[in-house]
Amino acid sequence: MTIRKQRAFTCGIVGAAAVAWVALAPTPLVGSTRPIRARQAMVVSQDPLASRVGDQVLRDGGNAVDAAVATAFALAVTYPTAGNIGGGGFLVYRPAVGDAVAYDFRETAPAAATSTMFMRGGEYDRRVHHNSHLAVGVPGTVAGLHQAWSEHGSLSWERLVEPAMTLAREGFVVRDSLARSLAAVLPRMVDYPASVAQFSNQGQPYRVGETLRQPDLARTLSRVALQGPAGVYTGETAELLAAEMAANGGIMTQADLAGYRAVRRAPMTGTYRGYDIISMPPVSSGGLALIQMLNVLEGYDLAASGSGSAATIHLIIEAMRRAFADRAQNLGDPAFNTSMPIDQLISKDYAAELRLTIDSDRASVSSPDSFSWPVESEETTHLSVVDGARNAVSLTYTLEQGYGSKITVPGAGFLLNNEMGDFNAAPGLTTQTGLIGTGPNLAEPGKRMLSSMTPTIVAREGQLVMVTGSPGGRTIINTVLMTILNVVDFGMNIQEAVDAPRLHHQWLPDETRYERWGLSPDTLALLGRRGHRMAEIGVQGAVSAILYNAEDDMLEAAEDRRRTSSAIGF
Ligand code: GLY
């Protein structure tokens, strides 16, 4: 029997019992779900055309940052659901040599934003908050990609934008998933003629095999290629965007655009069973909540209680519950919340305190001090890249909901986000039905809205282990958590780790959502007996992950079959 390399690689850290088991395990390439392997370099994204763009950049000698930037621009054309230049996101970069760094290009609230801007006549107005020109935050994507490139890229900026420009200008063949997605969103674009013109075939949904061309977007990308961020934050693009806002009750101005800055941050770091976890700090809650949950779970022998067992799932849910409660109470834009207890929340001592509150036989009850949670959009997208030197990029970005605000900037051809919906509803407006009114994440001029995006890189003893991330609103954090547990605790190869069923608990509502077919009836019964309320859902997330298998110096990627996913390497 062959020693299973993946398990040997990942299980050395969980103790002698696990190592002994490794020797009995089968090879991962027979009788298991196989990862896609490549020796040199690899890119995984949610669109095959975009992954191919990143792959070509790597073949042309570009590094991981170059490939991530080119893939992100390509996604803005071929995956308009979430790929964007009108949204924002986060990029975590871990060079093979040197310190990891995080780029925050989250959208900001325009200067005229107020904490009560989503109220009308004394009542909260959900449409204004999520589906209006007031829902649009100042986009960050181009500034963030440019900053990461200018500090770490190696190919020219034009070279990285050019493939997206060509895809927009010459068009690309619409695949089934995009055809279905566009057909579904078209009725919600009717108020925005520029969106209907760009994303329909003369008013009719695009059919599979037809070509989608986006000439206005191609022209905007050409300005970006030539001028860098100035191509969107000043000049013609900014004028077009500000005019669309002014004509439709929006508050974003050319000054807001000119003032936008991406921020380089120290990554949020922690450890888990000897692995280094490198993720996104606030204004994303992702890295902090992930590390907090891992710290709590480190105190349990999950390998012994087993993947998918009621005992293990119970502990995971209890860790999720506590991290999401702390997230709700404490987190927001660090520039506006200077005393967030970050060090305490990610400390091992605090995790030990939390473990004392976990009863292994009984679910805790989430107690809404005064607030609950809304459901969040799933339409974000993640890409992972590793290059030949083993530099790694983990990038998650979004328009918030699918196709964002559904507003295309007339003449500029790109969709705007509705990220202002990630701010809390209004001061003190907290309801059982899902509104939140806590202070740290209320809209204020220039403030970044709290996010759950969790682009993450795992390393061990100075060596890359894994690059991962996912779309899915708040579920992102738990999807990333479970992917890491599946590799580190349960010894799954990366494809198995991505295939494995997922679940989500976010403190409130006090229920655990689990994927259809993900839990057996007797497991559900055992969890029910512990006091957990379980709710079946369809699928959760769409992980793009690459694992570096140091034993044979190979990259192993997973495609997530829950949605379109494309891993390409060489
Ligand atoms: N808009 C989803 C997030 O930032 O978490």
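The values are calculated or read from the model by the stated rules, or taken from the named source; none is laboratory data. Source: prediction; values computed, not measured. Heads up, the Cβs are rebuilt from the backbone with ideal geometry, glycines too, and the neighbour counts pull from every protein chain shown. Ligands, DNA and RNA are excluded from the accessible area calculation, which covers all protein heavy atoms including side chains. Shrake-Rupley method; radii C 1.70, N 1.55, O 1.52, S 1.80 Å.
Can you find, within the stretch 487-498, the residue that is farthest from the ligand (Cβ to nearest atom) among those that are open to solvent by less than 10 Å² (accessible area, probe 1.4 Å) and farther than 19 Å from Asp387 by Cα? If we take residues in the stretch 487-498 being open to solvent by less than 10 Å² (accessible area, probe 1.4 Å) and farther than 19 Å from Asp387 by Cα, then Gly491 is farthest from the ligand (Cβ to nearest atom). Is it fair to say Ser566 is surrounded by 18 or more Cβ atoms within 10 Å (Cβ to Cβ), more than 30 Å from Asp326 (Cβ to Cβ) and touching a strand residue (DSSP E or B) at 6+ places or on another chain (Cβ under 8 Å)? It is true that Ser566 is surrounded by 18 or more Cβ atoms within 10 Å (Cβ to Cβ), more than 30 Å from Asp326 (Cβ to Cβ) and touching a strand residue (DSSP E or B) at 6+ places or on another chain (Cβ under 8 Å). State all residues of the stretch 425-455 that are at pLDDT 90 or above and either in contact with a Pro (Cβ under 9 Å, 6 or more places away or on another chain) or polar (S, T, N, Q) (or both); if no residue qualifies, say none. Scanning the stretch 425-455 gives Asn441, Leu442, Pro445, Gly446, Arg448, Leu450, Ser451, Ser452, Met453, Thr454. Among the residues of the stretch 523-534, those that are open to solvent by 20 Å² or more (accessible area, probe 1.4 Å) and among the aliphatic types (A, V, I, L, M) comprise Leu524, Ala525, Leu526, Met534. Picking from residues in the stretch 448-486 that are among the charged types (D, E, K, R) and more than 12 Å from the ligand (Cβ to nearest atom), the one that is nearest to Pro282 (Cα to Cα) is Arg460. Considering the conditions (1) touching a Pro at 6+ places or on another chain (Cβ under 7 Å); (2) within 16 Å of the ligand (Cβ to nearest atom); (3) under 28 Å from Ser177 (Cα atoms), Ala109 is excluded by exactly one of them, (3).
Do we find that Arg94 is within 15 Å of the ligand (Cβ to nearest atom) and either of a type in the set (Gly, Ala, Ser) or touching a residue at least 40 places away in the same chain (Cβ under 8 Å) (or both) in this structure? For Arg94, the condition - within 15 Å of the ligand (Cβ to nearest atom) and either of a type in the set (Gly, Ala, Ser) or touching a residue at least 40 places away in the same chain (Cβ under 8 Å) (or both) - is not met. Only one of the numbered conditions (1) under 16 Å from Met245 (Cα atoms); (2) in contact (Cβ under 8 Å) with a residue 12 or more places away in the chain; (3) open to solvent by less than 20 Å² (accessible area, probe 1.4 Å) is not met by Val128, and that is (2).
Scanning the stretch 194-215 for residues that are open to solvent by 50 Å² or more (accessible area, probe 1.4 Å), assigned to a helix (DSSP H, G or I) and touching a strand residue (DSSP E or B) at 6+ places or on another chain (Cβ under 9 Å) yields a count of 1. Residues satisfying the criterion are present in the stretch 63-70 (criterion: modelled with pLDDT of 95 or more and closer than 30 Å to Gly250 by Cα).
Of the strands (runs of 3 or more DSSP E) entirely within the stretch 235-348, those holding at least 2 residues that are among the β-branched types (Val, Ile, Thr) occupy 268-272, 275-279. Scanning the stretch 365-380 turns up at least one residue that is under 20 Å from Thr454 (Cα atoms), open to solvent by 10 Å² or more (accessible area, probe 1.4 Å) and either free of Cβ contacts under 8 Å to residues at least 12 places away in the same chain or out of contact with any Ser or Thr (no Cβ under 9 Å at 6 or more places or on another chain) (or both). Annotation: of all residues in the stretch 245-291 being more than 16 Å from the ligand (Cβ to nearest atom) and within 14 Å of Tyr93 (Cβ to Cβ), the one that is surrounded by the most Cβ atoms within 10 Å (Cβ to Cβ) is Ile278. Of everything in the stretch 510-522, what is out of contact with any Lys or Arg (no Cβ under 6 Å at 6 or more places or on another chain) and surrounded by fewer than 18 Cβ atoms within 10 Å (Cβ to Cβ)? Give them in sequence order. Correct list: Arg516, Trp517, Ser520, Pro521, Asp522. Within the stretch 408-432, track down each residue that is assigned to a loop (DSSP other than H, G, I, E, B), open to solvent by less than 10 Å² (accessible area, probe 1.4 Å) and within 16 Å of the ligand (Cβ to nearest atom). Once the filter is applied, which keeps residues that are assigned to a loop (DSSP other than H, G, I, E, B), open to solvent by less than 10 Å² (accessible area, probe 1.4 Å) and within 16 Å of the ligand (Cβ to nearest atom), the stretch 408-432 yields Leu416, Asn417, Asn418, Phe423, Ala425.
Of the residues examined, Ala168 is not one that is aliphatic (A, V, I, L, M) and open to solvent by 40 Å² or more (accessible area, probe 1.4 Å). Among the criteria (1) free of Cβ contacts under 8 Å to residues at least 24 places away in the same chain; (2) assigned to a helix (DSSP H, G or I); (3) open to solvent by 10 Å² or more (accessible area, probe 1.4 Å), the one Asp99 does not fulfil is (2). When each of Leu186, Leu226 is tested for being crowded, with 19+ Cβ neighbours inside 10 Å, within 30 Å of Ala109 (Cβ to Cβ) and over 22 Å from the mean Cα position of the chain (by Cα), the lone residue that passes is Leu186. Of all residues in the stretch 467-485, which are outside any loop (DSSP other than H, G, I, E, B) and open to solvent by 10 Å² or more (accessible area, probe 1.4 Å)? Across the stretch 467-485, the qualifying residues are Thr475, Met482.
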